[in-house]
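Everything on this sheet refers to the single structure shown next.
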Amino acid sequence: RTAIMNMIASTAAVSTAASIVTAQPDDSALLKLEEQILQEHEAAMAFDPEMIRLQEIWTTEWKRLNHAFYAGQSELTKEEIWERVKAMPESKEHIRLWKLQDPFYNRKDALIKEMFAMPAHTAEGRRAKVPVLLSCITGDEWTGVNEETEYPERMARNLLIELVGGQPGEQLRDQFA
């Protein structure tokens with residue numbers, strides 16, 4: 001009976017050790033977060049072209065009114081100038097769109113915090129973090145093709161890609177070539 005118990009215990013120990021050795025790190029949660037973050041980022045940025053157009057209109061008027069103020073050609077005060085600009089339909093629409101972006105950016109920021117609190121265990125997990133870092137945190141100047149990216153950003157990005165390593169690193173490298 002003791003021999004049977006020892007054999008069962010020995011088999012269980014070998015089985016457990018084998019499963020520990022063969023268990024692969026799982027970064028599926030990071031991959032899912034990458035997808036969710038990039039979706040939120042894209043949804044928020046969908047408003048950008050119209051917001052940029054509107055901002056150009058109201059800032060042009062603000063600059064015109066300020067120029068007249070400083071040239072002594074306006075009876076408006078600085079506060080009246082700002083109130084007039086805020087009352088413009090383009091300014092009001094810009095603020096409305098800005099408020100519509102907020103929920104997307106808030107969700108994205110929460111997901112980014114969650115992602116970067118998790119360690120990456122594989123090259124694929126590290127790869128999932130790089131597009132989020134480059135697209136959502138560092139900004140557009142980091143995501144252009146090599147010829148369009150300034151030297152410091154390009155070198156830092158190349159180091160990140162090298163640290164990812166393996167096939168996932170090569171996929172990132174190809175993305176910026």
List, please: which pairs have Cβ atoms under 8 Å, are six or more places apart or on different chains, and start with a residue in region 128-157 that is farther than 20 Å from His41 by Cβ and end with one that is of a type in the set (A, V, I, L, M) and surrounded by fewer than 19 Cβ atoms within 10 Å (Cβ to Cβ)? Asn146/Ala177
Given (1) exposed (fewer than 13 other Cβ atoms within 10 Å of the Cβ); (2) within 30 Å of Pro131 (Cα to Cα); (3) not β-branched (Val, Ile, Thr), index of the condition Gln55 fails: (1)
Where the second residue is in a helix (DSSP H, G or I) and open to solvent by less than 90 Å² (accessible area, probe 1.4 Å) and the first is without any contact (Cβ under 8 Å) to a residue 24 or more places away in the chain and lies in region 81-99, which pairs have Cβ atoms under 6 Å and are six or more apart or on separate chains? Ile81/Leu65
Residue satisfying all of: in region 61-112; of a type in the set (S, T, N, Q) and open to solvent by 90 Å² or more (accessible area, probe 1.4 Å); farthest from Glu50 (Cα to Cα) among these: Gln73
Looking at region 11-52, which of its residues are assigned to a loop (DSSP other than H, G, I, E, B) and modelled with pLDDT under 85? Ala23, Gln24, Pro25
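This table checks each residue for (1) surrounded by 14 or more Cβ atoms within 10 Å (Cβ to Cβ); (2) at pLDDT 90 or above; (3) under 15 Å from the mean Cα position of the chain (by Cα).
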site: Glu114; (1), (2), (3): yes, yes, yes
site: Ala117; (1), (2), (3): no, yes, yes
site: Glu124; (1), (2), (3): yes, yes, no
site: Arg127; (1), (2), (3): yes, yes, yes
site: Asp140; (1), (2), (3): no, no, yes
site: Thr143; (1), (2), (3): yes, no, yes
site: Thr149; (1), (2), (3): yes, no, no
site: Glu153; (1), (2), (3): yes, no, no
site: Arg157; (1), (2), (3): yes, no, yes
Could you tell me whether region 71-82 includes any residue that is closer than 30 Å to Val132 by Cβ and either in a helix (DSSP H, G or I) or modelled with pLDDT under 95 (or both)? no
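The values are calculated or read from the model by the stated rules, or taken from the named source; none is laboratory data. In this text, all values refer to a predicted model and were calculated from it rather than measured experimentally. Virtual Cβ from ideal backbone geometry, glycine too; neighbours counted across all protein chains shown. Only protein heavy atoms, including side chains, enter the accessible area calculation; ligands, DNA and RNA are left aside. Shrake-Rupley method; radii C 1.70, N 1.55, O 1.52, S 1.80 Å.
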